[in-house]
Structures are given as structure tokens and as C-alpha cells.
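What follows is a short report on a single structure.
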Amino acid sequence: MSSVANITRKRPAAAPPAVFDVNRVRQDFPILKQQVYGKPLVYLDNAATAQKPQAVLDAILRYYTEDCSNIHRGVHLLSERATAAYEEARAVIKRFLNAGDASEVVFVRGATEGINLVAHSYGRVHLKAGDEVLITAMEHHSNIVPWQMVCEEKGAKLRVAPINDRGELILEEYEKLLGPKTRIVSVVHVSNALGSINPVRRMIEMAHGWNAVVLVDGAQAAPHARVDVRALDADFYVFSGHKVFGPTGIGVLYGKSRLLDAMPPYQGGGDMISFVTFEKTHYNKLPYKFEAGTPHVAGGIGLGAALEYVNRVGLDNIAAYEHGLLEYATAAVSAIPGLRIIGTAREKAAVISFVLQDIHPHDIGTIIDREGIAIRTGHHCTQPVMQRFGIPATARASFAFYNTREEVDALVRGIRKVQEVFA
Ligand SMILES: Cc1ncc(COP(=O)(O)O)c(C=O)c1O
């Protein structure tokens, strides 16, 4: 097979911006230029899915218009080019996470599938009756239900570390719940409903003290801050492509090779085998052992392009800019009488969940949609968080680095309009 260097296409060079300029980065996102209901789109639903820069759209289009073919076993040029682009994307992800090796990067459909893979492969092998799996009270349903399923099957117990009224994990309670029965800890890095940032490095250290393995759900962390799986010493780390400015239907499971090697495959099929007879199948090496069937080639390539784009903008620039935006938005929104922010953690990502008087969040969302502002309303797939705060739902504005202070002002005007309607 030709070397990767020979068959990889040259990408258009894009110089990194010297200083972060929000108006400049906004130009990279074609969707943001549109109007809805005759008003400029204000997209504040980034925790649900983030918008895609032109570089991602171009990478996907390039694959479908120039390289479209199945990958890995092809001997023709298109297949070789597509394979090289896909594997290059894996290398980009490896660097993005600072993984030790590209074979520790498994392509999955998203964070949800990554967690299910670990629960069903690692969990099924290692859990037995009486063992415990520890999660937190702020988990997304994707990090609750797979563990409930495997615990039920194995007779293991699901334990839940509580949060305080600010929506912060109570670390002492978490520590108390760890013990000799804890086999697996699965925790969210950044809460999608509250914005709370968990001290995952410390949590992993504590769990390792009991020889438990730790999965970190990084779905809301990867788009906003630098993730270093080796510095964290995470055993598994998952995130979704579509929340990190890449395509839907693709995501990443990082796992330490020592653990992945010892785990049975999650699904059987093409690509995950090295040799098949009717008597026995020998499985492929990592990471392919976990990638049965034709993969989402365009998705992988698009995700690689998204992370390269994020790297060019600079994760430190992104984190600093979003921090300023969160402070501005928190002050502006808090000044609205009758509005209560749900989730006031001291370490917080750019997410503002709120309730307003006794107005149902769906009414808030619907009215401000007419102002061109997209927010999310509901339980955000975190019903236990809603139960913890005694509310059915919240309205949630979640920010990305392309959002502006003017858009925060528009949100505030939109919320005031809701109050006028219900006055
Ligand atoms: C914290 C968290 N975990 C997991 C998920 C699931 O991600 P996906 O639906 O992309 O698999 C989400 C999605 O909102 C999330 O916010």
C-alpha cells in the first residue's frame, strides 16, 4: 500500500489567528449568517449540538466528491486515499486527547455508544453480584442507563454520589462511596444540565486507590477545554463528534490499551476480525476489534477536520473567551427579576440553565424562538438532576466560542419579552 504521505491530499493552509477574534471565527460558520423569522439567528443550543465550520463541511464534501469508497481492505486508489484520511483523523484525535497511541482511539457513534461499549464489554466481564458501580447525581441518562442495565444483569449495585445546592459534586461523599466493592466509576467531566465541572483528576486518583477503573464522559468537556487523558490518568474517555463542531453519528472512545486489549468485542462483523472459520474467529488488533462493519468514514474524516479547526482557534483561547462570556451572561441573566439559575458551581462551563417565575420552560423556549433565539428546554436527559432541584424542566442557554455579548443581550431581551407576555 502506498505510504500515507503519498496519498494524503494537501489541505488548504489556514493560519492560526494571532488573537482570538469572535467576529472572524463567526465567518467560518455559514449557518450563523442566516436569519430566522426575519431576525439574525442567535444559536444558544450548543450543548445539544454545535455548529460546523466550513473546514468540516469541505472535508466531508471532499470525501464524497473525490475519495468516496470503502476503507481498509481496498487496493484501489480511492480506497487508499479514504483509508489514509480516516486513519489520519484517528491520529488527530490521538493528539487532541494526548493518548499514548492511535490504537487506543476507537471510533464509535458518539458518547452514548462509547459508554455502552464499556458497560457491555468491560462491565459484563468484570462485574459480579455484590460489586458496585459508582456514578454521580449529575449524569446524563447515557451514563446512567447502560450501568443500570449491566448492574441488573450481574446483580451489581449502582451507587450515586450526591451534589449540593450549587450543583457541585460533594467530593467527601464521593470518597465515602468508594470502597473495596467499587469496580467501575463512571463520571461526567462537565454537566450538560448544570455546567458544573467535576474535579475528575482528583476523582480518578481516589478511585484508583481502590483499584476501580474510571470512565469519564467528556461529551461537554471536549468542545470547551484541553483534555489530556494521560494527565488525568483516565481509563476510558468518551466524547461525541457533533458537540465538538464535527458531524453527527461519530464519536470517540479512548481506552488504555491494556484494558481494551483484554476486553471482548462489543459487536461482531466485518473489519473486527483477523480470521474467520465456522469453528472459531480470531479478532483483529486494536482498535479495529471494536469497529465492526463499514465505519462512518465521512464522519471520522469530518471529526478530524473539526478537531484540527479547534486546534487552530486554540483551546486556551476558547476556554478564556467562553469564561468571559459566561461571566457576562451570568450577570446579565441574574439581573432579571424572578429568574433563578439552576447550577451555580464555582467551576463552571458556559451553560446557563434557568427557571423563570412559574412560566413553563417550553413556553420560554417557544416565545424566544420567535425572536430568532435557539435555546433548549426540558430535562436535558438528566431527569435525576431535575428531581434533585424539585423542578420538571429548565430553559438552557449553552454557549460556544462563536457566541457574542450582543447575543447574550438578545437573550436577555427575549426573556423580558416572555415576562411581558405572561404579565
Ligand atoms: C454529558 C453528556 N453525556 C452524554 C451525552 C450523549 O451524547 P450523544 O447523544 O452524542 O451520544 C450528552 C449529550 O447531550 C451529554 O451532554
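The values are calculated or read from the model by the stated rules, or taken from the named source; none is laboratory data. All values derive from a computational prediction rather than experimental measurement. All Cβ positions, glycine included, derive from the backbone under ideal geometry; neighbour counts span all protein chains shown. Calculation scope for accessible area: heavy atoms of the full protein, side chains included, ligands and nucleic acids excluded. Shrake-Rupley method; radii C 1.70, N 1.55, O 1.52, S 1.80 Å.
Only four residue types carry charge here, +1 at the Cβ of Lys and Arg and -1 at the Cβ of Asp and Glu. Report the dipole size of the chain about the Cα centre in Debye, rounded to the nearest 20. Kindly include the intermediate steps, with their values, before the conclusion.
Numbers: 46 positive and 44 negative charges, 58 e Å.
My answer is approximately 280 debye.
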Round to the nearest 0.05 the FRET efficiency obtained for GLU347 and LYS176 when R0 = 25 Å and r is the Cβ-Cβ distance. 0.75
Would you list, by chain and number, the lysines whose Cα falls below 17 Å from the Cα of LYS128, excluding same-chain residues fewer than 8 positions away? LYS154, LYS157, LYS181
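Using DSSP loop states and a limit of at most 11 other Cβ atoms within 10 Å to flag chymotrypsin sites (Phe, Trp or Tyr not before Pro), what is the longest stretch of the chain containing no flagged site?
Details: sites that count: TYR37, PHE278.
Answer from the scan: 38-277.
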Longest exposed-site-free window of the chain, the sites being GluC sites (Glu not before Pro) in a DSSP loop that have at most 16 other C-beta atoms within 10 Å: 1-278
Straight-line reach from LYS33: which lysines have a Cα under 17 Å away, not including same-chain ones fewer than 8 places off? LYS52
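Return one whole number: the accessible area per residue of the range 263-421 in Å², for a 1.4 Å probe.
Values: 6830 Å² over 159 residues.
On a per-residue basis, the range 263-421 sits at 43 Å².
Please report the carbon-and-sulfur percent of the accessible area for the range 289-397; probe 1.4 Å, protein heavy atoms only, DNA, RNA and ligands left out. Before the final figure, lay out the partial values.
On the way: 2070 of 4060 Å².
Roughly 51 percent, rounded to a whole number.
Can you work out the accessible area per residue across the range 138-228, with the rest of the protein chains kept in place, probe 1.4 Å, in square angstrom? Let's see the in-between values first.
Values: 3590 Å² over 91 residues.
That works out to 39 Å² per residue.
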Looking only at aspartates and glutamates whose Cα falls under 16 Å of LYS94's and that sit 8 or more positions away or on another chain, we get GLU104, ASP228, ASP233, ASP235, GLU308
Using +1 at the Cβ of each Lys and Arg and -1 at the Cβ of each Asp and Glu in the chain, identify which of GLN220, ASN23, ALA193 lies farthest towards the dipole's positive end. ASN23
Calculate for the chain the 222 nm mean residue ellipticity that helices alone would give, adding -39,500 (n - 2.57) per DSSP H run of length 4 or more and normalising by residue count, nearest 500 deg cm²/dmol. -10500 deg cm²/dmol
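At most 16 other Cβ atoms within 10 Å and a DSSP loop assignment: could you name the trypsin sites (Lys or Arg not before Pro) in the range 277-339 that fit? Walk me through the numbers before you get to the answer.
Numbers: sites: LYS280, LYS285, LYS289, ARG312; in loops: LYS280, LYS285.
The qualifying sites are LYS280, LYS285.
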Dipole of the range 238-375 [Lys/Arg +1, Asp/Glu -1 at C-beta], most positive-end residue of VAL351, GLY270, HIS282: HIS282
